[in-house]
Amino acid sequence: HQWAVQHQDRTEDQRPNLTQVSKRAAEAVPHNIPGRGLDAISAKHIMIGAPRLDDTEVVDDAGLAVAIEQLRQRFEDQQARTVRVLPTRLEAAALRMPERWGGSRWSVPVGMYEKDLSTAMVDFMAERHLNIFGAKNCGKPICWLR
């Protein structure tokens, strides 16, 4: 029993605490070179590059705008898809039954799918249970009363 306590203390003494690890790693990061930093999670040295297409070292919005325009013109035929974003707030009145809904009449629109922003449905004949998760005081108990 005494050995276990001593062994535990010895093991704890050998482990550097998080503050020491971060301090050592932070001291190793060069302070006189722009774009250098420390990853807060892994405590590894990181390098961050500015998106520039010219040899200017100044990082400003004008240079970034020029780089974006040059890349857009160069890859005109390879445009990225527009990023679809879920709304921050979705009113229940905005939810509509899909035109080609194959579920039962006991179906209820409950939100939007992230993939294609279509209406998400719950069919209570197929799925008899529904769990609602959310932060404290966000309206979970009253969400079906509206």
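Where a number appears in this text, it was derived from the coordinates with a stated rule and is not lab data. This structure is a prediction, so every number in the text was calculated from the model and none was measured. FYI the Cβ positions are ideal-geometry reconstructions off the backbone, even for glycines, and counts take in every protein chain you see.
Structure summary
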item: For the stretch 64-105, convex hull volume per residue from C-alpha positions, Å³; result: 146
item: Contact order normalised by residue count of the stretch 94-146, Cα under 8 Å, 6+ apart, percent; result: 26
item: Efficiency of FRET from Cβ geometry, residue 80 and residue 120, R₀ 22 Å, rounded to 0.05; result: 0.30
